[in-house]
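Read the structure below first, then the notes.
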Amino acid sequence: MYSYESPEDCLAIVQMNSELHRAQLEMLSAHCATHQLRLRYSADDLARFGRHDVLRKSAEAASALHDFYSAIEKNISPTAPNPEPQLTSVQIAHAIQYVSSYLREQREHYFAAALPLNNQHKARMWPYFSATLLEQVRFLELHGQRVSPPSFYAEARALGFESLPEVTHMNSLTFLDVLVFNDTLKERSLFHALVHAVQFQVLGVERYTELFVQSFAKTKAHFTVPLEAHAFSLESKYMRPSAERFSVEDHVLLWVNEGRYQP
């Protein structure tokens, strides 16, 4: 059993939490992809017309994960549930202003040190993103320095919001056209960051922020915000072994026209 009093154990605990976080991100991606299935198809249609081998393997994996984490959950000290926070229209308007200002400030902060994508990056991404976007965006690797959380997080937590996006632990953050990687740029994280860059390009920063804040205030979870769920879904589609070529911009425009980013 680990102990915080042992230096060796402390290093092992850090490594354990790093691996736990990576596993959580993978599960969030799977959760988002499954959420999209749930929105589009009934359980009866999936059972009747879905590939039974895929459904069985998915159900077995989900069941095994449930058993594993349920066993761990039983050993976690219980905490009293917090009442669901409800924001007024004025508070939501202020939140939209805070977030949009934060995005612009971070974009300006990192832009000077950011670099254009190299030819290798562009070659991997061009079937999915326009050449114009790939020329426009800039990226920066922080090599573990981490993006600082927004100053308004303290106020948000005081209002009862606990599941705020953990910006210091995210692989990537998109500040309009500047992609910031908390550690190093990886292909999967680059794709995810570029999806958000397309969303900013299509929606504009004000509309993007409005949709994000309103959805987060409703769902209380970062990964269930449609803007984020769509990015995870497209990322999962891109990472399939035999990934099909598709236009991210077309997918984003479709969601905009169908109102699927609405809370």
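From the list (i) 28, 26, 23; (ii) 30, 20, 16; (iii) 27, 23, 17, can you say which value of semi-axes √(5λ) of the Cα gyration tensor in Å was derived from the structure given? Only one option fits the structure, namely (i). For the range 100-157, taking the reciprocal of the average inverse distance between every pair of different Cα atoms yields a Kirkwood hydrodynamic radius of 13.6 Å. Label-to-label distance, Ala23 versus Asn75, with points set 7 angstrom from Cα along the beta-carbon direction: 1.2 nm.
So for His121, His143, what's the accessible-area order with a 1.4 Å probe, most first? It would help to have the intermediate numbers written out before the result.
Values: His121 35, His143 120 Å².
Greatest to least solvent exposure: His143, His121.
Taking a point 7 Å from the Cα of His109 along the Cα-to-Cβ direction, the residues of the range 132-146 with backbone N closer than 20 Å to it are 138-146. Rg ratio for the range 129-222: its Cα radius of gyration over 2.2 N^0.38 Å, N being its residue count, equals 1.14. Taken about its Cα centre, the chain carries a charge dipole of roughly 640 debye when the Cβ of each Lys and Arg holds +1 and the Cβ of each Asp and Glu holds -1.
Mean residue ellipticity at 222 nm, helices only, the chain: -20000 deg cm²/dmol; runs of at least 4 DSSP H residues each add -39,500 (n - 2.57), and the sum is divided by the number of residues.
The values are calculated or read from the model by the stated rules, or taken from the named source; none is laboratory data. Everything numeric here is computed off the predicted structure, so don't read it as measured data. Here the Cβ is made from the backbone with ideal geometry for all residues, glycine too, and neighbour counts use every protein chain on show. Protein only, heavy atoms only, side chains kept; ligands, DNA and RNA dropped before computing areas. Shrake-Rupley method; radii C 1.70, N 1.55, O 1.52, S 1.80 Å.
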